[in-house]
Amino acid sequence: MRVLVCVKRVPAPGARINITADGQAVDTAFLGFTMSPHEECAVEAAVQLVEQHGGAATVLTLGPAEADEQLRYAASLGVAEAVLLPIDGPDWDPQRTASAIGEAIAAIEAADGAFDVILFGNESADSGGFQVGIRVARALGRPIVNGIKGIEIVGDGTSLRARRDAESGMEVYELPLPVVLGVKEGINLPRYPTLKGRLASKKVAVALMPPTAVAGGQQMVTLWQPTEQASATVILGTGPEAAPAVVDLLEELGILK
Amino acid sequence: MNVVVVVEHDRGALSSASLEALAAARPLGAVLAVTIGAGADLLIGQLAAHGASTVHQVHHDLLADYGPEAWGEAVAQLVTLLAPDAVIATGTDRGNEVIAHVAAILDQPMVANCTAIEPAADGGPWKLIRVRWGGSLLERCELTAATPLLTVAHHAFEGSPSPVEATVVEFVPELDASLARSMVIDRVERAAGVTLGTAPVVVGGGRGVGSPEAFAPLEDLAALLGGVVGCSRAVTNNGWRNHTDQVGQTGTRIAPDLYFACGISGAIQHWVGAMASKKILAINTDPDANMVTKADYAVIGDLHKVVPAIAAEIRRRRTSTSVLVT
Ligand SMILES: Cc1cc2nc3c(=O)[nH]c(=O)nc-3n(C[C@H](O)[C@H](O)[C@H](O)COP(=O)(O)OP(=O)(O)OC[C@H]3O[C@@H](n4cnc5c(N)ncnc54)[C@H](O)[C@@H]3O)c2cc1C
Ligand SMILES: Nc1ncnc2c1ncn2[C@@H]1O[C@H](COP(=O)(O)O)[C@@H](O)[C@H]1O
């Protein structure tokens, strides 16, 4: 089984997300980088599929040269191959990102054979466009369902059963391979890299495929933080002695009747 | 201006987000609502009450249940036929998914989760505000498109009645039988009961709780108040609790009357899932924790001592009132 997983390098902010003075980007001066939790789970799902059904997994990203870090993180967990679509400057819009990724996948498949399963995150952590995976699947002519929280290969490896949450419960889909899925956090519990995995990931050769896609119709103008009501926190007390004050509050709020 | 609104429903039950999408569309022009599947035919009354002057009912065997590819194809064909000035859908899992399919089919841009929509003036771009980082950040963006395809962020527009007379038009798309490949084939219905998203009280625990067993006092407090337990991603990542309990950007958005945030630092990705709570009470050893400084109320101290003390005080008052009553 050949499995591809697409991830995006994003900053990992803590208490707040600071914006650069020109309003054009998140100020990453004091931040580490990561990928969306949905994508971490997609990487774990890719590794599990290969563990269960043989074959190999590949990770792909479109981003700056530094996104090498996210590719090697995936490699440290058991992904065998890594592909970087290097870009300079600001993020590409979703249409442009999707067409570049679609073209790269087509080129990889022409050389090495089709992927049976391609995994995306449900949405990227930062821009959250909810579309790159769907555009890529459509371009490849493959079925896609987003929001997937469970997968299982069925029918002698010809199809895949996928589950997702809906308001009224779980929806179940059965999709023929090759298939594309948008994965949500909760589908699995991602493993942590082992020391051996980390060392092995340093040796993975990252394939560079410079993208050429043209810009789409969505143009970011500026970013800012939503205004928050500054609230003076009422300190009800310190330690267990505060319990009566807390319960007074519960009564006042009508929570304790 | 004609604006198509793709109505979200689950086998004929209208979602509240659909009313918000109708409210977002109304100021722009005539609202053409689109319902997919015969199961939604009965929605005409509700849609007209919210300002839809035309209801396009899309009928096809392959639309009997939800299928993202088939829904997307059907909407794309109708949009091609009607050539509206914009298409608006709900910024929900389904709404975003269907519009992304439409965007891919028509090779048009799509802007997800808008909070403000300003149509193009004099052939310029549409001016939009949308949310990023699950709502922690706002973005102003410009959209240049033959047919603007937008979804609206939850709670950005208020659904309110604005009754008109609706004309009903049937549309039968041409759908290839192969689209059956991505239709819902089965369902597991959720058991009735309080869920994290709807609970009146949520008792949330973070890394400070320390272990799966140490959630027992939080469970106890939640049960006393008719609420449920929630948690941070540090907790789910450690395998202490199931992801279904996670509050935040990649978990559940909660909106209880009161959220107890115990041993949670208040990272922005957690906060964004909790900020719709009416009141927040933080319990933390660190008076400078973000959760403490942003909360309405706080107790500074060890949650392992504070939480059981609150439960004990509730029990004490309950017994003394029942003694008074008898
Ligand atoms: C893209 C992205 C998405 C994310 N999505 C989510 C999400 O959906 N939900 C989420 O929660 N996180 C999410 N995160 C992770 C988030 O950034 C934080 O890492 C996480 O919320 C931290 O969890 P925590 O507050 O429990 O742990 P910590 O940050 O470690 O905080 C522990 C707190 O417990 C306090 N404490 C310790 N001991 C005690 C004690 N005995 N009594 C009282 N207080 C004590 C400490 O003072 C501290 O404030 C996401 C991150 C990224 C990058
Ligand atoms: N620059 C990128 N490189 C690789 N994958 C990406 C990139 N941007 C988005 N994706 C993938 O597409 C998914 C959806 O992204 P989005 O449409 O931005 O919400 C993400 O979760 C990733 O799996």
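Bear in mind these aren't lab numbers, they're just calculated from the coordinates by the rules spelled out. Quick caveat: nothing in here was measured; it's all calculated off a predicted structure. Neighbour counts are summed over all protein chains in view; Cβ atoms, including those assigned to glycine, are modelled from backbone coordinates with ideal geometry.
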Helix B:303-325 sits at what angle to the longest principal axis of chain B, using alpha carbons and giving 0 to 90 degrees rounded to 10? 80
In whole Hz and in residue order, list the ³J(HN,Hα) couplings for the range A:180-188 that follow from phi through the Karplus curve 6.51 cos²θ - 1.76 cosθ + 1.60, θ = phi - 60°; x for Gly and Pro. 10, 9, x, 9, 10, 4, x, 5, 7
Please state the Cα pair-distance histogram of the protein assembly as shown with 20 angstrom bins from zero: what percent is in each bin? 20, 52, 26, 2, 0
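Calculate how many DSSP beta bridges within the protein assembly as shown are antiparallel, expressed in % of all such bridges and rounded to the nearest 5.
For the protein assembly as shown, the DSSP antiparallel bridge percentage is about 35.
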About the Cα centre, and with charges only on the beta carbon of Lys, Arg (+1) and Asp, Glu (-1), how big is the dipole of chain A? Nearest 20 debye, please. 680
Label model pair B:Ala177, A:Glu167: point-to-point distance (7 angstrom along the Cα→beta-carbon line) in nm is 3.4
About its Cα centre, the range B:69-198 carries a charge dipole, from +1 on Lys and Arg Cβ atoms and -1 on Asp and Glu Cβ atoms, whose size in debye to the nearest 20 is 500
Helix axis angle, A:243-252 relative to chain A longest principal axis, alpha carbon, degrees: 90
Find, among the trypsin sites (Lys or Arg not before Pro) in the range B:189-269, those assigned to loop by DSSP (not H, G, I, E, B) with at most 15 other beta-carbon atoms within 10 angstrom. B:Arg190
Put +1 on the Cβ of each Lys and Arg and -1 on the Cβ of each Asp and Glu in the range A:123-257; which of A:Phe130, A:Ser201, A:Thr238 then has its Cα farthest toward the positive end of the dipole? A:Ser201
Taking the Cα centre of the range B:171-326 as the origin and placing charges on Cβ (Lys, Arg +1; Asp, Glu -1), which of B:Gly193, B:Pro287, B:Ser182 is farthest toward the positive end of the dipole? B:Pro287
Computed, not fitted: 222 nm per-residue ellipticity of chain A from DSSP H runs ≥ 4 (each -39500 (n - 2.57)), nearest 500, equal to -8500 deg cm²/dmol
Percent antiparallel among DSSP beta bridges with both residues in chain B, to the nearest 5? 20
State the antiparallel share, in %, of DSSP beta bridges confined to chain A, rounding to the nearest 5. 40
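Which of the residue pairs A:Lys8/A:Lys149; A:Lys8/A:Lys203; A:Lys184/A:Lys257; A:Lys8/B:Lys294 have a Cα-Cα distance greater than 27 Å in the structure shown? Each step should come with its number before you reach the end.
Details: A:Lys8/A:Lys149 20 Å; A:Lys8/A:Lys203 21 Å; A:Lys184/A:Lys257 39 Å; A:Lys8/B:Lys294 30 Å.
Going by Cα-Cα distance, A:Lys184/A:Lys257; A:Lys8/B:Lys294 fall outside the 27 Å limit.
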In units of 2.2 N^0.38 Å, the Cα radius of gyration of chain B is 1.18
Against the longest principal axis of chain B, how steep is helix B:93-106, in degrees 0 to 90 to the nearest 10, with axes from Cα atoms? 30
Averaged across the residues of B:274-281, what count of C-beta atoms belonging to other chains lies within 10 Å of each residue's C-beta? 2
